[in-house]
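Participant: Sharing a structure with you now.
The values are calculated or read from the model by the stated rules, or taken from the named source; none is laboratory data. Since the structure is predicted, the reported quantities are computational estimates derived from the model, not experimental observations. When we count neighbours, we look across all protein chains shown, and the Cβ atoms used for this are built from the backbone with ideal geometry, even at glycine.
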Amino acid sequence: MSMKGLLKTQISNSFDTNGWFVAVMNALDSVNVEQACWKPTDDVNCIWETLAHLTYYNFAYVQRFKGIDYEYDVSSNDQTFSVGEYNETEWQAEIARFNAVMTEFRDLIAAADEAKFAEPVSASNQTKWATLILNISSHNAYHAGQIMLLRKLQGNWDRSKAVS
């Protein structure tokens, strides 16, 4: 498998294709706004906050992958877990934003020249794109696990949808 094929597979596995673990979009399946906002304690991020965080960082790297000098508009990582008004319409819009960002990311990876993955992310970030995309996939998978734990704590996860 080419590097591009490997990276596309890893992005898919953390986005919408269950592999060894449940992908983010599958972890979100059938989550309503009340479930998305639920927290076992005040110091834990809810599902919605976690998804907002993922959307924020994946969007930033999609922009950078396209060659846009994207600058963070937050002063701390904690701000990326921020959400707007808690209602079903906004919750569905958040899911749609994540889906659109990740679909674009996967499409950009598929369309990129193989040499792109050996290039540094930017002049200030010498990490190669291949390494960064693998780290992004790991980051997405990590938070998918948190979403799964929250769903299990709520008692609203259908175990038949899990990977074997």
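Participant: Tell me yes or no: at least one residue of segment 119-128 is more than 30 Å from K4 (Cβ to Cβ) and small (G, A, S).
Facilitator: Within segment 119-128 (the criterion being more than 30 Å from K4 (Cβ to Cβ) and small (G, A, S)), the answer is no, since none of the residues qualifies.
Participant: Something else now. Against the condition among the β-branched types (V, I, T) and modelled with pLDDT of 95 or more, how does T131 come out, does it pass?
Facilitator: The answer is yes for T131.
Participant: Something else: On the given criteria, is E94 of a type in the set (D, E, K, R), touching a helix residue (DSSP H, G or I) at 6+ places or on another chain (Cβ under 7 Å) and more than 18 Å from G19 (Cβ to Cβ)?
Facilitator: yes
Participant: Looking at segment 97-133, which of the residues that are within 12 Å of the chain's Cα centre (by Cα) and aliphatic (A, V, I, L, M) is nearest to D16 (Cα to Cα)?
Facilitator: My answer is M102.
Participant: Tell me, which helices (runs of 4 or more DSSP H) wholly within segment 1-120 include 1 or more residues that are acidic (D, E) and over 26 Å from M148 (Cβ atoms)?
Facilitator: 88-111
Participant: Then there is this: Here is a check on your reading of the model: is E114 of a type in the set (D, E, K, R), farther than 25 Å from A36 by Cα, surrounded by fewer than 17 Cβ atoms within 10 Å (Cβ to Cβ) and touching a residue at least 60 places away in the same chain (Cβ under 8 Å)?
Facilitator: Spelling it out, E114 is indeed of a type in the set (D, E, K, R), farther than 25 Å from A36 by Cα, surrounded by fewer than 17 Cβ atoms within 10 Å (Cβ to Cβ) and touching a residue at least 60 places away in the same chain (Cβ under 8 Å).
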